[in-house]
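Trainee: Please see the structure below; I have some questions.
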Amino acid sequence: MKKVLVISYSQTGQLTRLVENVTRPFMSEPTIEVTWREIKPKKPYPFPWQFMTFMDTFPESVYLDPCELENFEADTNEYDLVILAYQVWFLSPSIPITSFLKSDYAKEKLKNKPIITLIGCRNMWIMAQEKVKTLLGNIGAKLIDNIVLVDQGSSLATFITTPRWMMSGKKDALWGIFPKAGISEEALRSASRFGYAIKQALANDEEKKGVSLCHGLGAVSVDEKLIKSEKIGTKSFHIWGKLIRKCSKQGELKRKLFIMLYTIFLVCIIITVVPLNMLIQTLYRKLNKEEVLKQKALYELPSGSGTERMKEFSSYE
Ligand SMILES: Cc1cc2nc3c(=O)[nH]c(=O)nc-3n(C[C@H](O)[C@H](O)[C@H](O)COP(=O)(O)O)c2cc1C
């Protein structure tokens, strides 16, 4: 009997659907026992978000400050595999996920265990995954796969559709030019291929080898245009986050003033520096093709962006 632990947190239910699709192929398998635990913050985060509350979470998100979580029920299981499903908040793992990774439960249950991370987010997840790698390293867990599904549409489209969804709850297509917010139905549906691959790998004890179980299935694709933007964004969040955390606490009036100031700064940067930076980055990528491709391949580890096994596992759908 193989024991699989699934850990997730979802506000809109999107990530829950993703987890359901990935685990469906082995949920009713008699040789696999799945324990699914959903993370519950003691003080729930609101959805839809008010703009100020949304922005107010950025300093704690980027500095990986934990929030209080409801305790999981007592658990004597030794797990063979752990699936950690998370979303990104401000280029960092969401606060509930960070809190879980810093909990005693994670320290006990994830130690020395093979971990598959499953991300559902807008499209900027690279720096968040680097932080998750560090948090997993801190508790001695072994990352063997990373599966990433991003919101449909171009970066420009999701810059409108994702925040609109987060702050109004509305997911529908907009003005005939912007697609529906969130991950496409097709991408969610076809995520079951990972479940079939995991089921087969568990049957062959592959999780014990510490190698990727989901390689060759298009698990992840780094958009090289976003690498530098994420690095710059993270730096900016850290500088402002440090200042804001030092001078005020979440919810305080003083905090609101700082957040407003940062928002104005952000808008100015987006209008002026971002377009100029995009031009410089396009040039940089053209001149340093090899270096950029090396970085892309590095951030795509351990699952990689190869698709050579897609046919084998898509035929199950
Ligand atoms: C506070 C907040 C910050 C977010 N920041 C990012 C981000 O930096 N990068 C990204 O790709 N998506 C970001 N998102 C989108 C989420 O990763 C995710 O797609 C969305 O919250 C839906 O996930 P759910 O299953 O929890 O509802 C953010 C969402 C929220 C609420």
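Trainee: Kindly indicate the residue of the range 156-186 that is near the ligand (Cβ under 10 Å from one of its atoms) and hydroxyl-bearing (Ser, Thr, Tyr) and also surrounded by the most Cβ atoms within 10 Å (Cβ to Cβ) among those meeting that condition.
Mentor: THR158
Trainee: Right, something else. Just the residues that are surrounded by 20 or more Cβ atoms within 10 Å (Cβ to Cβ) and more than 14 Å from the ligand (Cβ to nearest atom), please, taken from the range 219-253.
Mentor: ALA219, ILE244
Trainee: For the subset of the range 254-287 comprising residues that are among the aromatic types (Phe, Trp, Tyr) and crowded, with 16+ Cβ neighbours inside 10 Å, which member is farthest from the ligand (Cβ to nearest atom)?
Mentor: Filtering the range 254-287 for residues that are among the aromatic types (Phe, Trp, Tyr) and crowded, with 16+ Cβ neighbours inside 10 Å, the one farthest from the ligand (Cβ to nearest atom) comes out as PHE258.
Trainee: Out of (1) of a type in the set (Val, Ile, Thr); (2) modelled with pLDDT under 95; (3) closer than 29 Å to GLU33 by Cα, the odd one out for ILE232 is which?
Mentor: In the conditions (1) of a type in the set (Val, Ile, Thr); (2) modelled with pLDDT under 95; (3) closer than 29 Å to GLU33 by Cα, ILE232 misses (3) alone.
Trainee: Give, as residue ranges, the helices (runs of 4 or more DSSP H) completely inside the range 1-119 that count at least 1 residues that are loosely packed, with under 15 Cβ neighbours inside 10 Å.
Mentor: 14-27, 51-56, 104-109
Trainee: Can you find even one residue in the range 7-25 that is under 17 Å from the mean Cα position of the chain (by Cα), under 17 Å from TRP89 (Cβ atoms), more than 12 Å from the ligand (Cβ to nearest atom) and in the same structural domain as LYS170 (by TED's automatic domain parsing)?
Mentor: yes
Trainee: Kindly check whether there is at least one residue in the range 299-309 that is within 28 Å of CYS67 (Cβ to Cβ) and either out of contact with any Lys or Arg (no Cβ under 8 Å at 6 or more places or on another chain) or assigned by TED's automatic domain parsing to the domain that holds PHE26 (or both).
Mentor: Yes, there is a match, as at least one residue in the range 299-309 is within 28 Å of CYS67 (Cβ to Cβ) and either out of contact with any Lys or Arg (no Cβ under 8 Å at 6 or more places or on another chain) or assigned by TED's automatic domain parsing to the domain that holds PHE26 (or both).
Trainee: Being closer than 22 Å to GLY304 by Cα and within 14 Å of the ligand (Cβ to nearest atom): is that true of SER92 here?
Mentor: Yes, satisfied.
The values are calculated or read from the model by the stated rules, or taken from the named source; none is laboratory data. On a predicted model such as this, the values are computed, not experimentally measured, just so you know. Every residue, glycine as well, gets a Cβ built from its backbone with ideal geometry; the counts of neighbours run over all protein chains shown.
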